[in-house]
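Reviewing the structure listed below.
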Amino acid sequence: MSRVFVTRRIPRVGLDRLAEESVRVRVGQPNDEAPVPRAVLEDGVRWCEVLLSLLTEPVDRALLTLNPALRGVANYAVGFNNIDVDAATELGIPVSNTPGVLTDTTADLTWALILAVARRIPEAHAYMTAGRYKLWGPNLLLGADVSPGGSGRRKVLGVIGYGRIGAAVARRAVGFDMDVLAYDPHARDRIDAAEHVRWAELDELLRRSDFVTLHPLLTPETRHLIDTRALQLMKRTAYLINVSRGPVVDEAALVHALRSHRIAGAALDVFEDEPAMAPGIAECDHVVLVPHIASASVDTRERMAVMAAENALAHLAGERAPNVINPEVYKSPAYRARLAHRR
Ligand code: DGY
């Protein structure tokens, strides 16, 4: 019987899909609020043929080396910065992710954050629930327009990272009559081909945007892409939104920029040292903070679970996984040796 080690609980439909194929499943951590201890993770990897990991587990070279019969890693996330993909490729281990199904849900959350930070929704909610609303007034909780609003000036949305999610965020800007700039050195062609979107170099985008929204993969190239220098280039009236990975932003620099009113505000779904937040950020004005929930709708999380399960089944069968990230691995002798490995 084949064995899949699922590091933490995923929606039932994913586990059911594995059960349909008579796969034995072990879940490393049943408590949703606790991480998987490293020893449990290592034990699970030694036991299984396929590892179904979450973005909270570092799948590093040391872990991947523990089991010569490991046939694949199915990550329950579109992002895969938690996995050492180079090491996996070298070791002949295919790695897969869950792209596409979470694009709309993530783009919607991005817009929820843009509107929430610009229109001060969390502050307004706290004001109401604290019983502070006594009298309507022209100066109460004034925010910034996202659409042209009373001024008639079209606002500029700057999209950094023009993959599926960045493009979906850009499409939604049409409804707000915004001008959209995009920067992504890996997607110049797609940006040039997109209607309503104009390519901009990073510095131009930062200088001109009213809202800068981040959607790149986390790579050495994008780590701290938004640092003190970048924040200095932004307009004082601009907002920063991060729905990608925390380390794309130098969070200490962001706290400084917010405290000194270098920018108008920020909305973050992800954090540099998640789940911790940089000291001082929670106390800053004009900040909206949410706990990495961009893909958190019932339907999307279920679709991700089924997708990760399908990828895991393909890894088990020694077939090309539908969402493999490192397909070159299939040609390697190291991969073939894994399939041939007998316990
Ligand atoms: C991802 O999939 O990478 C998100 O961060 C969580 O859904």
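Data table
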| item | result |
| --- | --- |
| Filter result (under 16 Å from residue 51 (Cα atoms) and open to solvent by 30 Å² or more (accessible area, probe 1.4 Å)) within region 300-319 | 306, 307, 310, 317, 319 |
| Residue in region 154-205 that is farthest from residue 99 (Cα to Cα), counting only those that are open to solvent by 10 Å² or more (accessible area, probe 1.4 Å) and of a type in the set (Gly, Ala, Ser) | 175 |
| Selected residue (only one of 63, 52, 91, 15 is away from the ligand (no atom under 16 Å from the Cβ), at pLDDT 95 or above and crowded, with 21+ Cβ neighbours inside 10 Å) | 63 |
| Residue in region 126-135 that is more than 16 Å from the ligand (Cβ to nearest atom), touching a residue at least 12 places away in the same chain (Cβ under 8 Å), touching a Pro at 6+ places or on another chain (Cβ under 8 Å) and open to solvent by 10 Å² or more (accessible area, probe 1.4 Å) present | no |
| Helices (runs of 4 or more DSSP H) fully within region 116-211 counting 1 or more residues that are in contact with a strand residue (DSSP E or B) (Cβ under 6 Å, 6 or more places away or on another chain) and closer than 19 Å to residue 242 by Cβ | 121-129, 164-172, 202-208 |
| Extreme residue, nearest to the ligand (Cβ to nearest atom), among residues of region 70-83 that are open to solvent by 10 Å² or more (accessible area, probe 1.4 Å) and either of a type in the set (A, V, I, L, M, F, W, C) or under 24 Å from residue 333 (Cβ atoms) (or both) | 78 |
| Residue match in region 282-293 (condition: within 16 Å of the ligand (Cβ to nearest atom), of a type in the set (A, V, I, L, M, F, W, C) and open to solvent by 60 Å² or more (accessible area, probe 1.4 Å)) | yes |
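The values are calculated or read from the model by the stated rules, or taken from the named source; none is laboratory data. Just so we're clear, the structure is a prediction, and the values are computed from it rather than from any experiment. Cβ: placed from backbone, ideal geometry, glycine included. Neighbour counts: every protein chain shown. Protein only, heavy atoms only, side chains kept; ligands, DNA and RNA dropped before computing areas. Shrake-Rupley method; radii C 1.70, N 1.55, O 1.52, S 1.80 Å.
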